Amino acid sequence: MGEKVLVTGGAGFIGSALCEHLGGLGYEIHVLDNLSFGRRHLAPVPDERFHKVDIRDSAEVMRVFSEVRPMWTLHLAAIHFIPYCNANPVEATEINILGTINVLDACMACGTCERVFVASTAAVYPIADGAMDEEHNSGPMDIYGVTKLATEKLASEFHLRSGINTIVGRFFNAFGPNETNPHLIPEIQQQLLSGARTLKLGNLDPKRDFIHTQDMSRAIEALLTKVEVGYDTFNIGRGIEYSVREIVEAFERQLGEGITIEVDPSRVRKVERMHLLANVDKLKQATGWEPRWGIDEGVATLLKERIEL
Ligand SMILES: NC(=O)c1ccc[n+]([C@@H]2O[C@H](COP(=O)([O-])OP(=O)(O)OC[C@H]3O[C@@H](n4cnc5c(N)ncnc54)[C@H](O)[C@@H]3O)[C@@H](O)[C@H]2O)c1
């Protein structure tokens, strides 16, 4: 067995892809997840390496870390779906901030952790038109972004306190198999696979930087193995943005059928960012990483996988 890696949130959408990737490279993966949004079968680990624990429970988090004694900790557990965070701001704050404190304290106390990766988000950036690099000022627009900016500050403070190498990854919009939250792409997918060819969607013009979860996993691995840092922050995106309309067109190409869009006013957000685009030069220069998945290949796989189920 390889070196031990503890992944919080490893039963979730991105965490499960990351566990699959690192497990395939020979690391001994352990998952800590309370299965609130994740699913047990997505975490590719045997029962003895799956720890059903809530990160708000500091004693249980400490127990798992002292038993596993990981070399790396990858902290992805969080409440992430923005409408859910807006409806449950106290819960989101407790999990994303207090939970992060518990995980970082356990990383320090277990005595074996050499590297920590903390998942942040593009939602820490303000509304802006061009590609944003890591030096761009922050300006979260919602409670989720506020909690993640706090997560970043806690990670920085943790590094100063512990001396443990710590990397923050600001994820842009992930896509790929096994989505756990009703984001745009799974929403389109579900409507199409239920037979609809007229989609009910919100605002069609906002553009997002979609990155496949396998490309994200390779980027995280590259950051952990190639970057010699004390503390640093990296955007993890693809550097290309697509509007909602363009995503629907990618589905049209893969289905070989026309799709009509009806704007559903209940889905239109009151305040919307029109752009959310990553400058990923820093990630590429530090690691040599390049994305491999385009939108069309990703959409093709999603349609095939779901249809075959
Ligand atoms: N999906 C995206 O596009 C995206 C974009 C930016 C940032 N992120 C960040 O990436 C990380 C993973 O997101 P995801 O899309 O895989 O979401 P997800 O909801 O699928 O994964 C989060 C996981 O954390 C677990 N979790 C939640 N609360 C917990 C708690 N109290 N204790 C233990 N486990 C708990 C859930 O059960 C789930 O398995 C999150 O930190 C999220 O903020 C995701």
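The values are calculated or read from the model by the stated rules, or taken from the named source; none is laboratory data. This is a predicted model, so every value here is computed, not measured. Because the Cβ atoms are built from the backbone with ideal geometry, glycine has one as well, and the counts that use them run over all protein chains shown.
For Glu179, only one of the following conditions fails: (1) surrounded by fewer than 19 Cβ atoms within 10 Å (Cβ to Cβ); (2) modelled with pLDDT under 95. What is its number? Of the numbered conditions (1) surrounded by fewer than 19 Cβ atoms within 10 Å (Cβ to Cβ); (2) modelled with pLDDT under 95, the odd one out for Glu179 is (1).
Note on the range 71-85: among residues that are over 16 Å from Glu20 (Cα atoms) and within 8 Å of the ligand (Cβ to nearest atom), the one that is surrounded by the fewest Cβ atoms within 10 Å (Cβ to Cβ) is Phe81.
Do the conditions hold for Leu223, that is, is it more than 30 Å from Thr73 (Cα to Cα) and of a type in the set (A, V, I, L, M)? So Leu223 fails the test. Within the range 135-163, the set of residues being more than 15 Å from the ligand (Cβ to nearest atom) and in contact with a Phe, Trp or Tyr (Cβ under 7 Å, 6 or more places away or on another chain) comprises His136, Gly139, Ser156, His159.
Only one of the numbered conditions (1) away from the ligand (no atom under 16 Å from the Cβ); (2) of a type in the set (Val, Ile, Thr); (3) at pLDDT below 95 is violated by Thr112, and that is (3).
Applying the criterion of being of a type in the set (Asp, Glu) and in contact with an Asp or Glu (Cβ under 9 Å, 6 or more places away or on another chain) to the residues of the range 195-234, the residue that is surrounded by the most Cβ atoms within 10 Å (Cβ to Cβ) is Asp209. Selection of the range 181-224 for residues being aliphatic (A, V, I, L, M), within 11 Å of the ligand (Cβ to nearest atom), outside any strand (DSSP E or B) and farther than 19 Å from Asp264 by Cα yields Met216, Ile220. Filtering the range 200-228 to residues that are at pLDDT below 95 and closer than 21 Å to Leu303 by Cβ leaves Lys200, Leu201, Leu204.
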